[in-house]
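Undergrad: Here it is: the structure, laid out below.
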Amino acid sequence: MSGWAQAVESLSPANDIGQLDNFKECVVRIALLSAALALALCGGSVWAQDAAGIPLQILVSGVSPAHGVATSASRAAVERIVDTEYRAALVAAGHPPALTPAQLQIVAENVTRALHKAGFAHARAFLSNQMLAFNVPNSAAVSASALAPASPPRAVAPPVPLAPNVVPPMSVRDERAAQTDLIAVRGFHVEGVGNHADEGITPTSIQTLADTLYTKLGGTAEQPVKLSFLQLQGVADAITNRYRKAGFIVATAFLPAQTLGSSEIVDIKVLEGRIGRVIVEGAKRYRPWVIAAPAERLKGHALRKSDVDSALLYDRDLPGVSVAATFEPGAQVGQTNLLLIAHEAPHPYTFTVGADNYGTSITGRYRALLGATWNSPLGIGDRLAANVDYALDPSQNVYGSLLYTVPTVIVPGLDGVVGATRSTLQIDTGPFAALHISGPTSSYFGGVNWKFVNDEDLKLQASLQLIHEQAKISSLGVLLSDEQFNVLDLGFGMNQTDRRFHGVNLLQADLRQSVSGHSLQPDLISPNHANKFTIGRLSYTRLQFLPDDQQLYFKLVGQYTHYALPPLEQFSIGGPYSVRAYPIATALTDSGFYTSLEYHVAAPGFGNLASPFYG
């Protein structure tokens with residue numbers, strides 16, 4: 001039973017007598033065991049015997065069927081009940097390192113009630129220090145007097161009735177007394193409530209809840225109402241439920257032992273379950289403090305499901321690792337430690353190989369794609385990625401990119417990014433072959449990305465980047481155009497899951513401002529473009545899920561400016577990510593937009609099969 005509880009099966013004397021050869025020995029055993037149980041169970045009370053230094057165990061009797069042997073099914077059922085009640089007690093006590101004897105006594109009482117509900121009508125749970133052990137001599141040494149009827153056990157004094165204004169500790173609250181004993185109450189006073197206005201949990205709101213429940217129980221300010229312990233506990237349970245619905249997953253309200261004064265006000269205390277430590281296990285290549293960083297800000301605060309989920313989402317953004325969370329008791333009463341378990345990918349490297357036909361007849365209709373990524377080379381969640389696209393038919397264009405991102409760690413979701421792209425163009429075929437047009441286009445950029453909201457259904461991100469871009473075009477050895485610009489890009493992105501209508505909304509907005517610009521004069525490619533410009537860009541996508549693996553895909557993309565733009569900044573129409581009926585970059589314009597609506601359906605027969613590449 002999880003190392004802390006064991007089940008003791010009840011004996012069936014009738015069957016044991018039939019199996020023993022020595023009838024006298026059996027009578028002695030039954031008489032002694034009956035005396036021990038009588039001392040422990042007589043009258044619904046318990047005679048507890050201290051066992052200093054020995055860990056208390058939870059013992060269970062009366063769970064065997066008629067033939068006296070517990071089945072594996074009944075053993076498993078009892079074990080589940082004991083385990084459930086013990087864990088519930090740990091949560092109610094604020095996850096202490098161990099339960100006190102008084103708290104274990106409550107567990108035993110709850111186990112007994114749960115066993116009765118489960119069909120074990122004669123079962124009873126009690127603590128190991130509530131049993132008396134007897135040494136039974138050999139049958140040959142037993143005198144005839146031992147066969148005489150055993151003298152009745154010493155009567156146990158009935159429990160002393162409680163004072164009418166006392167709320168006793170849970171360990172001495174009898175089940176029947178909890179229903180019948182009444183105390184006069186004029187109201188409740190709730191302690192330990194923090195200020196969590198966003199979740200509707202404040203000292204005022206919880207006190208108002210307790211006052212409302214007091215009124216529903218028949219109490220008024222002028223006249224007290226007599227309430228049972230069960231009714232008092234019901235008020236505490238209602239406060240616990242309010243916390244749980246607000247996302248405080250371990251918060252518990254309870255009735256402490258107390259003596260009511262002349263005010264007849266019952267105190268209710270709340271343990272909100274504050275996070276004590278953040279512990280990371282399983283990290284090998286990763287530095288543990290990097291994985292713990294998103295949750296460090298939660299230390300000392302009440303444990304909320306939304307906060308833990310957000311910290312996990314930040315951790316899951318880290319490349320090459322997945323993170324799960326669990327909880328364990330903290331060092332102090334009311335504290336809970338957050339345990340983060342990291343599962344790193346077997347290798348930090350990933351490679352991709354592909355091909356497509358997204359090119360043109362001039363730049364190369366088919367492309368071979370190769371990519372490599374190194375996840376967390378410094379052990380801090382950074383990423384280095386390189387990609388190369390090589391055009392075929394004709395083989396005249398090469399595109400390459402290099403990107404490095406590194407989290408700041410101090411601020412969750414804030415990453416630094418630097419990168420570069422470069423493409424080379426060489427036209428030696430087709431109608432322009434005689435002109436031998438060639439030239440590189442390159443860009444270098446650096447900045448920050450900040451995912452400042454990272455919830456399960458909503459993610460918001462802001463970005464700021466400085467971009468240096470340059471394009472050169474030559475023909476027959478003559479430089480026709482040389483354009484260089486420094487552009488500041490401010491971006492905002494949103495990813496929102498629409499659970500009500502079963503869809504996903506994606507939004508990206510950018511404001512681009514040229515900081516400086518220089519162009520060769522005269523510019524024979526775009527002679528009238530501006531060196532200073534401001535551009536607004538917007539992209540919205542709606543993915544609508546329909547029954548039976550069907551989807552609607554709506555997209556709107558646009559750009560607006562007052563300026564004549566260089567080709568590097570113009571709006572492109574055509575290609576696989578734009579208007580698919582036309583080749584890529586069929587039209588270039590300063591301002592423009594396009595929209596599309598697509599209907600997607602899974603391919604019959606294999607649309608739902610797992611990919612052979614991704615599982």
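The values are calculated or read from the model by the stated rules, or taken from the named source; none is laboratory data. Not measured: the values here are computed from a predicted model. Don't worry about glycine lacking a Cβ; one is built from the backbone with ideal geometry, like all the others, and counts go over all protein chains shown.
Undergrad: Out of the residues in the stretch 581-606 meeting the condition of being in contact (Cβ under 8 Å) with a residue 12 or more places away in the chain and part of a loop (DSSP other than H, G, I, E, B), tell me which one is nearest to the chain's Cα centre (by Cα).
TA: First, pick out the residues of the stretch 581-606 that are in contact (Cβ under 8 Å) with a residue 12 or more places away in the chain: 583-602.
Restricting the remaining residues to those that are part of a loop (DSSP other than H, G, I, E, B) gives 583-586, 590-591, 602.
Values: Pro583: 45, Ile584: 43, Ala585: 44, Thr586: 47, Asp590: 46, Ser591: 44, Ala602: 31 Å.
Out of the qualifying residues, it is Ala602.
Undergrad: Restricting attention to the stretch 471-504, report how many residues are assigned to a strand (DSSP E or B) and either surrounded by 17 or more Cβ atoms within 10 Å (Cβ to Cβ) or more than 53 Å from the chain's Cα centre (by Cα) (or both). Let's see the steps before the verdict.
TA: So in the stretch 471-504, the residues assigned to a strand (DSSP E or B) come out as 471-475, 478-498, 503-504.
With the extra rule that they be either surrounded by 17 or more Cβ atoms within 10 Å (Cβ to Cβ) or more than 53 Å from the chain's Cα centre (by Cα) (or both), the set shrinks to 471-475, 478-485, 487, 489, 491, 493, 495, 503.
The total comes to 19.
Undergrad: Give the residues of the stretch 432-477 that are under 30 Å from Leu318 (Cβ atoms) and charged (D, E, K, R), sorted by residue number.
TA: Listed by number, the residues that qualify are Lys451, Asp455, Glu456, Asp457, Lys459.
Undergrad: Based on what the data block shows, is Gly354 of a type outside the set (D, E, K, R) and either over 27 Å from Gly574 (Cβ atoms) or out of contact with any Pro (no Cβ under 8 Å at 6 or more places or on another chain) (or both)?
TA: Values: of a type outside the set (D, E, K, R): yes; either over 27 Å from Gly574 (Cβ atoms) or out of contact with any Pro (no Cβ under 8 Å at 6 or more places or on another chain) (or both): yes.
Yes: the conditions hold for Gly354.
Undergrad: Among the residues of the stretch 337-373, what is the count of those that are surrounded by 13 or more Cβ atoms within 10 Å (Cβ to Cβ) and under 18 Å from Ile291 (Cα atoms)?
TA: 9
Undergrad: Would you mind telling me which numbered condition in (1) at pLDDT below 90; (2) surrounded by 14 or more Cβ atoms within 10 Å (Cβ to Cβ); (3) not small (Gly, Ala, Ser) Asp590 fails?
TA: (1)
Undergrad: Residue under question is Ala420, and the condition is that it be under 20 Å from Leu466 (Cβ atoms), hydrophobic (A, V, I, L, M, F, W, C) and in contact with a strand residue (DSSP E or B) (Cβ under 8 Å, 6 or more places away or on another chain); does it hold?
TA: Against the criterion (under 20 Å from Leu466 (Cβ atoms), hydrophobic (A, V, I, L, M, F, W, C) and in contact with a strand residue (DSSP E or B) (Cβ under 8 Å, 6 or more places away or on another chain)), Ala420 qualifies.
Undergrad: Here's another thing I want to ask about it. Considering Lys299, Lys226, which residue is touching a residue at least 40 places away in the same chain (Cβ under 8 Å) and not aromatic (Phe, Trp, Tyr)? If you could, list the steps in order and put the result at the bottom.
TA: On the way: Lys299 fails: touching a residue at least 40 places away in the same chain (Cβ under 8 Å).
Checking each option against the conditions leaves just Lys226.
Undergrad: Same structure, new question: For the stretch 343-372, enumerate the residues that are over 20 Å from Ala283 (Cα atoms), in a strand (DSSP E or B) and not aliphatic (A, V, I, L, M).
TA: Start the filter on the stretch 343-372 by keeping residues that are over 20 Å from Ala283 (Cα atoms), which leaves 351-372.
Of the ones still in play, those that are also in a strand (DSSP E or B) are 351-356, 366-372.
Selection gives Phe351, Thr352, Gly354, Asp356, Tyr366, Arg367, Gly371.
Undergrad: Related question: Could you list, ordered by first residue, the pairs with Cβ atoms under 9 Å in which the first is in the stretch 419-439 and within 16 Å of Asp389 (Cα to Cα) and the second is of a type in the set (Phe, Trp, Tyr), at least 6 apart or interchain?
TA: If the second residue must be of a type in the set (Phe, Trp, Tyr), the pairs left are Ala420/Tyr444; Ala420/Phe445; Thr421/Tyr399; Thr421/Tyr444; Thr421/Phe445; Arg422/Tyr399; Ser423/Tyr399; Thr424/Tyr399.
Undergrad: Please specify each residue of the stretch 443-494 satisfying the condition of being at pLDDT 95 or above and of a type in the set (Lys, Arg).
TA: Lys451, Lys459
Undergrad: Also, quick follow-up: Which one of these is over 20 Å from Leu271 (Cβ atoms), without any contact (Cβ under 8 Å) to a residue 60 or more places away in the chain and in the same structural domain as Ser263 (by TED's automatic domain parsing): Asp237, Asp211?
TA: Asp211
Undergrad: Picking from Pro440, Pro412, Pro394, which residue would you name as being within 35 Å of the chain's Cα centre (by Cα) and surrounded by 14 or more Cβ atoms within 10 Å (Cβ to Cβ)? Reasoning before the result, please.
TA: Details: Pro440 fails: within 35 Å of the chain's Cα centre (by Cα); Pro394 fails: within 35 Å of the chain's Cα centre (by Cα).
From the options Pro440, Pro412, Pro394, the qualifying one is Pro412.
Undergrad: Can you tell me which residue among Ala88, Ala73 is modelled with pLDDT of 75 or more, assigned to a helix (DSSP H, G or I) and surrounded by fewer than 18 Cβ atoms within 10 Å (Cβ to Cβ)?
TA: Numbers: Ala73 fails: modelled with pLDDT of 75 or more.
Residue meeting the stated conditions: Ala88.
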